[in-house]
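Chemist: Have a look at the structure that comes next, please.
The values are calculated or read from the model by the stated rules, or taken from the named source; none is laboratory data. Note that the coordinates shown come from a computational prediction; the quantities given were computed from them, not determined experimentally. Using ideal geometry, Cβ is built from the backbone for each residue, glycine included, and neighbour counts are taken over all protein chains shown.
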Amino acid sequence: MGGFFGMTSKRDCIVDVFFGTDYHSHLGTHRAGMAAYDKETGLQREIHSIENSPFRTKFSGIAEKMRGTSAIGCISDFYPQPLLVRSNLGTYAICVTGVVNNSEALIHQYLSFSGGHFDAMTGGKVNTTELVAALINQKNSFRDGILFAQKAIDGTASILILKDDGKIIAARDRFGRLPMLIGKGEDGYCVTFEHFAYRKLGYEDERDLGPGEIVELSPDGIKQLARPGKEMKMCSFLWSYYGYPTSTYEGVNVEIMRYKNGGIMAKNDAEIGNNKDVDYICGVPDSGTPHAIGYANKANIPFARPYIKYTPSWSRSFMPPIQTERERIAKMKQIPVHELIENKSLLFVDDSIVRGTQLKETVEFLYKHGAKAVHMRSACPPIMYGCKFLNFSRATSDMELLARRTIVELEGMEGLEFMEEYSRSDTERGKRLRKAICDKFGFESLEFQSLEGVLEAIGIDPCKLCTYCWNGKE
């Protein structure tokens with residue numbers, strides 16, 4: 001994933017952009033950068049690795065190195081950015097968030113008709129942000145270039161550009177899979193993924209950009225360069241998993257959605273008597289916790305935290321980037337509360353079950369410390385397809401996905417023709433899937449939230465939501 005924050009103001013805004021960017025640290029752990037425009041100095045840029053330390057430690061002295069009345073900042077899970085580009089459109093800084101699935105085809109096409117080149121990285125890969133900039137530069141205006149790039153890209157690209165006159169161009173991705181919001185203050189405007197980032201800085205809600213909409217921001221106002229498209233496919237996982245609890249997307253707060261979602265799961269369990277004799281409802285921290293609170297409130301069963309994550313030294317669950325190291329750190333972070341585990345029947349709610357690797361170790365950890373039974377609930381349906389629009393999952397193959405892998409174990413590759421049946425709890429195939437995972441992990445019971453339940457909890461028009469990872473429908 002990744003996220004960015006930009007501001008154009010009548011005063012120096014470096015410190016504000018530092019804090020605004022830092023509020024996107026939950027979206028990436030690889031690289032971070034800031035770029036700024038000052039009338040005397042021009043464009044400046046700073047990029048650092050944040051694999052072993054958070055954004056704030058690498059950029060805490062940025063106000064001494066950089067100044068400007070306009071600035072953008074980016075947290076990236078992949079490539080270094082923002083990049084500084086000099087082209088026929090002028091010199092500018094650019095950030096891109098999303099994924100480009102057809103990068104090799106675009107590179108070949110670009111090189112073949114332009115005779116140009118790219119700065120290659122290890123293995124010959126090209127920085128996606130540089131590729132997007134190259135596409136934009138094929139046209140004679142930023143507006144036309146962005147529209148050209150977004151149409152050519154198979155995937156998703158939300159784009160933020162800081163021009164050499166201090167103005168900022170913000171372009172939401174073509175189908176609005178990611179949010180982009182504008183805040184207004186006394187001295188100018190800012191653009192962000194997370195609306196609380198500008199609210200904490202004293203800015204007020206101005207408006208959301210529509211899917212594919214392009215605007216140009218200056219301290220004096222907002223100029224629309226391209227109107228929004230009619231079709232929206234916003235990522236449902238924003239609410240279920242990686243959206244920050246205080247965030248609001250399309251008018252729906254993440255924390256409130258998760259409470260509703262947990263309540264719907266509790267109601268469904270109560271109807272079939274699937275949560276009897278449970279002592280505590282628990283969340284798999286952190287993003288599963290609000291789903292669990294909603295479940296506990298609806299079920300009238302006490303909420304408890306049988307283990308606590310030790311976060312002072314490893315505050316971000318996404319790091320480190322290597323899977324074996326992440327598993328070791330995840331295990332080291334779990335500190336048990338024995339009185340809440342020993343001889344207790346525990347029902348855990350996780351935000352999702354993707355590969356299941358860390359979940360298996362968590363269950364073993366609970367039984368090792370004396371749990372009588374561990375029930376598991378997933379706050380979303382079984383994940384059957386790897387995301388090809390945002391790359392929020394680290395899975396490199398669909399067969400890494402627990403649900404899909406279990407289907408093949410049960411029925412061979414032919415079973416993948418019946419994934420919709422396997423997703424549902426009221427079919428024979430669905431029951432077999434749940435039992436197989438229970439047997440594999442040692443769950444007393446397992447259930448997934450239904451697709452209908454997730455959509456009900458979000459509460460906006462289902463045709464505006466992307467549910468590809470659950471049902472394969474774009």
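Chemist: Take the residues of region 230-246 that are surrounded by fewer than 23 Cβ atoms within 10 Å (Cβ to Cβ) and either under 10 Å from the mean Cα position of the chain (by Cα) or of a type in the set (Ser, Thr, Tyr) (or both): which is nearest to residue 157 (Cα to Cα)?
Modeler: Here is the first cut: in region 230-246, the residues surrounded by fewer than 23 Cβ atoms within 10 Å (Cβ to Cβ) are 230-234, 241-242, 244-246.
Restricting the remaining residues to those that are either under 10 Å from the mean Cα position of the chain (by Cα) or of a type in the set (Ser, Thr, Tyr) (or both) gives 241-242, 244, 246.
Numbers: 241: 20, 242: 18, 244: 21, 246: 24 Å.
Across region 230-246, the extreme among qualifying residues is 242.
Chemist: Before we move on, is residue 360 surrounded by fewer than 22 Cβ atoms within 10 Å (Cβ to Cβ) and assigned to a loop (DSSP other than H, G, I, E, B)?
Modeler: no
Chemist: Which numbered condition in (1) buried (at least 19 other Cβ atoms within 10 Å of the Cβ); (2) in a helix (DSSP H, G or I) is the only one that residue 436 fails?
Modeler: Here residue 436 clears every test but (1).
Chemist: Just the residues that are assigned to a loop (DSSP other than H, G, I, E, B) and either among the charged types (D, E, K, R) or surrounded by fewer than 21 Cβ atoms within 10 Å (Cβ to Cβ) (or both), please, taken from region 247-281. Reasoning before the result, please.
Modeler: First, pick out the residues of region 247-281 that are assigned to a loop (DSSP other than H, G, I, E, B): 247, 250-251, 273-279.
Result: 250, 251, 273, 274, 276, 277, 279.
Chemist: Further question on the same structure: Go through 201, 178 for me and flag whichever is more than 21 Å from residue 98 (Cβ to Cβ), touching a strand residue (DSSP E or B) at 6+ places or on another chain (Cβ under 8 Å) and outside any strand (DSSP E or B). Break it down into steps so the answer makes sense when it comes.
Modeler: Numbers: 178 fails: more than 21 Å from residue 98 (Cβ to Cβ).
Among 201, 178, only 201 is more than 21 Å from residue 98 (Cβ to Cβ), touching a strand residue (DSSP E or B) at 6+ places or on another chain (Cβ under 8 Å) and outside any strand (DSSP E or B).
Chemist: Another question, then. Exactly one condition in (1) of a type outside the set (Val, Ile, Thr); (2) surrounded by fewer than 18 Cβ atoms within 10 Å (Cβ to Cβ); (3) at positive phi is not met by residue 212; state its number.
Modeler: Against the list (1) of a type outside the set (Val, Ile, Thr); (2) surrounded by fewer than 18 Cβ atoms within 10 Å (Cβ to Cβ); (3) at positive phi, residue 212 comes up short only on (2).
Chemist: To continue, here is another question. What number of residues within region 12-58 are buried (at least 19 other Cβ atoms within 10 Å of the Cβ), closer than 27 Å to residue 237 by Cβ and small (Gly, Ala, Ser)?
Modeler: 5
Chemist: What are the residues in region 147-162 that are within 23 Å of residue 24 (Cβ to Cβ), touching a residue at least 40 places away in the same chain (Cβ under 8 Å) and either surrounded by fewer than 21 Cβ atoms within 10 Å (Cβ to Cβ) or in contact with a Leu (Cβ under 8 Å, 6 or more places away or on another chain) (or both), if any? Even if it seems obvious, please write down each step before you answer.
Modeler: First, pick out the residues of region 147-162 that are within 23 Å of residue 24 (Cβ to Cβ): 149-150, 153, 155-162.
Still in the running and touching a residue at least 40 places away in the same chain (Cβ under 8 Å): 150, 153, 155-162.
Correct list: 153, 155, 156, 158, 162.
Chemist: Just to be sure I understand the filter: pairs with C-beta atoms under 7 Å, separated by 6 or more residues or on different chains, first member in region 401-412 and surrounded by 16 or more Cβ atoms within 10 Å (Cβ to Cβ), second member part of a helix (DSSP H, G or I) and among the acidic types (Asp, Glu). Which pairs pass?
Modeler: Note: pairs meeting the criteria are 404/398.
Chemist: Counting only residues that are of a type outside the set (A, V, I, L, M, F, W, C) and out of contact with any helix residue (DSSP H, G or I) (no Cβ under 7 Å at 6 or more places or on another chain), which one in region 348-366 is nearest to residue 241 (Cα to Cα)? Show your work before the answer.
Modeler: Filtering region 348-366 for residues of a type outside the set (A, V, I, L, M, F, W, C) gives 350-352, 355-358, 360-362, 364.
Those still in the list that are out of contact with any helix residue (DSSP H, G or I) (no Cβ under 7 Å at 6 or more places or on another chain) too: 362, 364.
Working: 362: 19, 364: 24 Å.
So the residue we want is 362.
Chemist: If you don't mind, another one. Please work out if residue 213 is touching a residue at least 40 places away in the same chain (Cβ under 8 Å) and over 23 Å from residue 353 (Cα atoms).
Modeler: Criteria met by residue 213.
Chemist: Regarding residue 179, is this residue buried (at least 21 other Cβ atoms within 10 Å of the Cβ) and outside the structural domain of residue 377 (by TED's automatic domain parsing)?
Modeler: Considered against the rule, which asks whether it is buried (at least 21 other Cβ atoms within 10 Å of the Cβ) and outside the structural domain of residue 377 (by TED's automatic domain parsing), residue 179 comes out as yes.
Chemist: Shifting gears a bit: Is there a residue being within 26 Å of the chain's Cα centre (by Cα), small (Gly, Ala, Ser) and under 30 Å from residue 209 (Cβ atoms) anywhere in region 247-257?
Modeler: Looking for residues that are within 26 Å of the chain's Cα centre (by Cα), small (Gly, Ala, Ser) and under 30 Å from residue 209 (Cβ atoms), one finds at least one in region 247-257, hence yes.
Chemist: Could you list, in sequence order, the residues of region 419-433 that are free of Cβ contacts under 8 Å to residues at least 40 places away in the same chain and either in contact with a helix residue (DSSP H, G or I) (Cβ under 9 Å, 6 or more places away or on another chain) or acidic (Asp, Glu) (or both)?
Modeler: Once the filter is applied, which keeps residues that are free of Cβ contacts under 8 Å to residues at least 40 places away in the same chain and either in contact with a helix residue (DSSP H, G or I) (Cβ under 9 Å, 6 or more places away or on another chain) or acidic (Asp, Glu) (or both), region 419-433 yields 421, 424, 425, 426, 427, 428, 429, 430, 432.
Chemist: Return yes when residue 409 is over 21 Å from the mean Cα position of the chain (by Cα) and in the same structural domain as residue 350 (by TED's automatic domain parsing) and no when it is not.
Modeler: Yes; evaluated as a whole, the condition is true for this residue.
Chemist: For residue 389, state whether it is at negative phi and not in a helix (DSSP H, G or I).
Modeler: In short, yes.
Chemist: Return the residue satisfying two criteria in turn: it lies in region 107-132 and is at pLDDT below 90, touching a strand residue (DSSP E or B) at 6+ places or on another chain (Cβ under 9 Å) and farther than 15 Å from residue 33 by Cβ, and of such residues it is surrounded by the fewest Cβ atoms within 10 Å (Cβ to Cβ).
Modeler: 119
Chemist: Tell me the residue from 46, 51 that is part of a loop (DSSP other than H, G, I, E, B) and either of a type in the set (A, V, I, L, M, F, W, C) or over 22 Å from residue 221 (Cα atoms) (or both), please.
Modeler: Only one candidate passes the filter, namely 51.
Chemist: Now for a separate question. Which condition from (1) under 26 Å from residue 247 (Cβ atoms); (2) outside any strand (DSSP E or B); (3) not charged (D, E, K, R) is the one that residue 166 breaks?
Modeler: Condition not satisfied by residue 166: (1).
Chemist: Something else about it: Can you pull out the residues in region 182-194 that are closer than 15 Å to residue 27 by Cβ and either surrounded by fewer than 24 Cβ atoms within 10 Å (Cβ to Cβ) or touching a Ser or Thr at 6+ places or on another chain (Cβ under 6 Å) (or both)?
Modeler: 194
Chemist: Based on what the data block shows, is residue 386 surrounded by fewer than 17 Cβ atoms within 10 Å (Cβ to Cβ), in the same structural domain as residue 307 (by TED's automatic domain parsing) and small (Gly, Ala, Ser)?
Modeler: Criteria not met by residue 386.
Chemist: Could you give me the residue pairs with C-beta distances under 6 Å whose first residue belongs to region 55-68 and is assigned to a helix (DSSP H, G or I), whose second residue is modelled with pLDDT of 90 or more and aromatic (Phe, Trp, Tyr) wherever it lies, and which are 6+ apart or on separate chains?
Modeler: 59/18; 62/18
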